[in-house]
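These notes concern the structure reproduced below.
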Amino acid sequence: TADLRRRYPDSALILREQASRQLALGRIREGLALLEEFGARHHGDPTVLEQRIDAHLQLGEIDRALDLGRTLVAANPGRPGAWRRLAGLEEAAGDYPRAVQALDQALGLAPQDPELYGAMGYLQARAGDEQSSVLALQRSLELNPQQPEIRDLLTTLGASDDDVFTRHAADLETVVAEAEEAGTPDAWQGRDSAVLLHRMATRVSASGLGE
């Protein structure tokens, strides 16, 4: 790779490859220097910025990593992942309010992302804001019920996730009555279980949970 760099000194691809190789070998300073050289030529590249952040974290340089995290969102303000990364860095630096603000920005860009609500819930729990944490975790479960770790945290916080499912629970008699009013195949008349399955398969709430 070094020989290729001498032959093609302006190749961004070769420069990134050499940086990645140095990092893989544990030569963090050397790899970081190459990434910084790349960054000087290509401002705002999210992949390289992420690599530089990781390198500084490995070196224990949280302040420098945080500066790059802010550069990352400034160059990519429309990427929820960039704001989530900044939130993690703000938290690592001990600034919980700024971390929450960064996750709020991410949620503004991706308001239906259950992982972001889960991340917010964990963050607020660590910050000691249990009430806000519970609300965020419950919203995460509404968007994606298949998260046992979220339920575990809610239990730890002394909250219940039952209301999430109560709001979406199906009332057998009501569902069957609605289906019969709407009209069902003649062969299904009187077969409540078949009608219920049909309704559950064809009606989906806005959050993605079957009604």
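If Lys and Arg each add +1 and Asp and Glu each add -1, what is the summed charge of the other residues whose beta carbon sits under 12 Å from the beta carbon of Tyr96?
-2
With a 1.4 Å probe and every protein chain kept in, tell me what percent of the accessible surface of the range 45-118 is carbon plus sulfur.
In the range 45-118, the share of accessible area belonging to carbon and sulfur is 49 percent.
³J(HN,Hα) across the range 116-123 via Karplus (A = 6.51, B = -1.76, C = 1.60, θ = phi - 60°), whole Hz, x for Gly/Pro?
Karplus values, whole Hz, x for Gly and Pro: 5, 5, x, 4, 5, x, 4, 4.
Kindly report the accessible area of the range 109-161 per residue (heavy atoms of protein chains, probe 1.4 Å, no ligands, DNA or RNA), in Å².
On a per-residue basis, 49 Å².
The values are calculated or read from the model by the stated rules, or taken from the named source; none is laboratory data. Bear in mind that the values here come from a model prediction, so they are computed numbers and not experimental data. As a convention, Cβ positions derive from the backbone with ideal geometry for all residues, glycine included, and neighbour counts pool all protein chains shown. Side chains are part of the model used for accessible areas, which takes the heavy atoms of the whole protein and leaves out ligands, DNA and RNA. Shrake-Rupley method; radii C 1.70, N 1.55, O 1.52, S 1.80 Å.
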